[in-house]
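The values are calculated or read from the model by the stated rules, or taken from the named source; none is laboratory data. All figures in this text were calculated on a predicted structure; none of them were measured in a lab. Cβ placement follows ideal geometry from the backbone for every residue including glycine, while neighbour counts extend to all protein chains displayed. SASA here: full protein model, heavy atoms, side chains in, ligands and nucleic acids out. Shrake-Rupley method; radii C 1.70, N 1.55, O 1.52, S 1.80 Å.
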Amino acid sequence: MNAIEISSLTKSYDGFKLDNISFNVPQGSIMGFIGQNGAGKTTTIKLLLGLIKRDSGSIKMLGLDNIEHEQEVKSQIAAVFDDIPFHDQLNAAQLSTVLADVFLQWDKAVYSEYLDRFNLPKKKKIGQLSKGMRMKLQIAAALSHHAKLLIMDEATTGLDPVVRNEILDIFLEYLQDDRNSILLSSHITSDLEKIADSVTFIDKGKILLTGVKDDIVGSYGVIKCKKSELKDIDKKDIISTRISDFGAETLVADRKLCEKKYSGITIDGTTLEEIMLFYVRRDKGEWTS
């Protein structure tokens, strides 16, 4: 079973279109949802949560249509955003009372345990908490009503590395129950390299790549060569090329094929960040670093 199934999803705005996108998030896994700002990540998440209406396509979450079964779906999911949605004048203790009226399965004991674990003050106003503490509070709330699916929109942006690692560890702990799943939207690809099982890459409203993270990273490669050697590389193999004073670097989608095809040229492994960087510049063909 998939935790999320998105099929032919479209949403148009003036100047932007989420263009017929499809991808699945397998149950019991973390999917990294990557792309530069304005690529369509937040629009997709708003559609998942029913905050905006889709133009066409379908969304299933935990096996249910997210519109037809809205209340049942929302009772089993939790969302965490870059900007905290809780009122600044509330404190953590008061928030528990509010959320107990929202979620039928609100677990006050679990919430209290997370507050203690995160060293979060129960009486201090939310508006007075640091960004890292506010994010931890959101996550504590998200994990305290036994949600089966977490949807994170840039949840680790702006946090220091220590806090980010702590939060990533909590996500991995949450996935010890193989019924739980996470969609983690982020442009911090190093976080996704650590914990994501699969990746979906969106750019300009279109899905460019989706699949198992290790398979994607393993299949791509970067050819490092002299500028004069670029003419020897088939343009069909090239995603885009970075030119510098020291030579050229070219991203190719099939590293093994290119190793056979260009035996005299060095082809290195790559990262999610490099793949994203080369893809978003693919319209330029060649670009300078």
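Among the numbered conditions (1) open to solvent by less than 40 Å² (accessible area, probe 1.4 Å); (2) without any contact (Cβ under 8 Å) to a residue 24 or more places away in the chain, the only one that M133 does not meet is (1).
One residue alone among I167, I151 is over 24 Å from K256 (Cα atoms), crowded, with 19+ Cβ neighbours inside 10 Å, assigned by TED's automatic domain parsing to the domain that holds Q36 and in contact (Cβ under 8 Å) with a residue 40 or more places away in the chain, and that residue is I151.
Residues that are under 20 Å from E154 (Cα atoms) and open to solvent by less than 20 Å² (accessible area, probe 1.4 Å) within region 62-86 comprise I77, A78, V80, listed in sequence order. D178 passes every criterion in (1) in contact (Cβ under 8 Å) with a residue 60 or more places away in the chain; (2) within 30 Å of F278 (Cβ to Cβ) apart from (2).
Here region 170-182 is the region considered, the condition is being polar (S, T, N, Q) and open to solvent by less than 20 Å² (accessible area, probe 1.4 Å), and the residue that is nearest to T42 (Cα to Cα) is S181.
For every residue, the table says whether it meets (1) within 23 Å of D191 (Cβ to Cβ); (2) in contact with a Leu (Cβ under 6 Å, 6 or more places away or on another chain); (3) not aliphatic (A, V, I, L, M).
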site	(1), (2), (3)
I223	no, no, no
K227	no, no, yes
I233	no, no, no
D245	no, no, yes
E273	yes, no, yes
K284	no, no, yes
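Condition check: open to solvent by 10 Å² or more (accessible area, probe 1.4 Å), out of contact with any helix residue (DSSP H, G or I) (no Cβ under 6 Å at 6 or more places or on another chain), modelled with pLDDT of 95 or more and farther than 26 Å from D178 by Cα. Does G15 satisfy that? Considered against the rule, which asks whether it is open to solvent by 10 Å² or more (accessible area, probe 1.4 Å), out of contact with any helix residue (DSSP H, G or I) (no Cβ under 6 Å at 6 or more places or on another chain), modelled with pLDDT of 95 or more and farther than 26 Å from D178 by Cα, G15 comes out as no.
Pairs meeting the criteria (first residue in region 27-38 and outside the structural domain of E274 (by TED's automatic domain parsing), second residue surrounded by fewer than 16 Cβ atoms within 10 Å (Cβ to Cβ) and of a type outside the set (S, T, Y), beta carbons under 6 Å, at least 6 apart or on different chains) are Q27/M1; G28/D178. Those strands (runs of 3 or more DSSP E) of region 203-289 in which at least 2 residues are open to solvent by 70 Å² or more (accessible area, probe 1.4 Å), more than 30 Å from P26 (Cβ to Cβ) and at pLDDT below 95, considering only elements entirely within it, cover 286-288.
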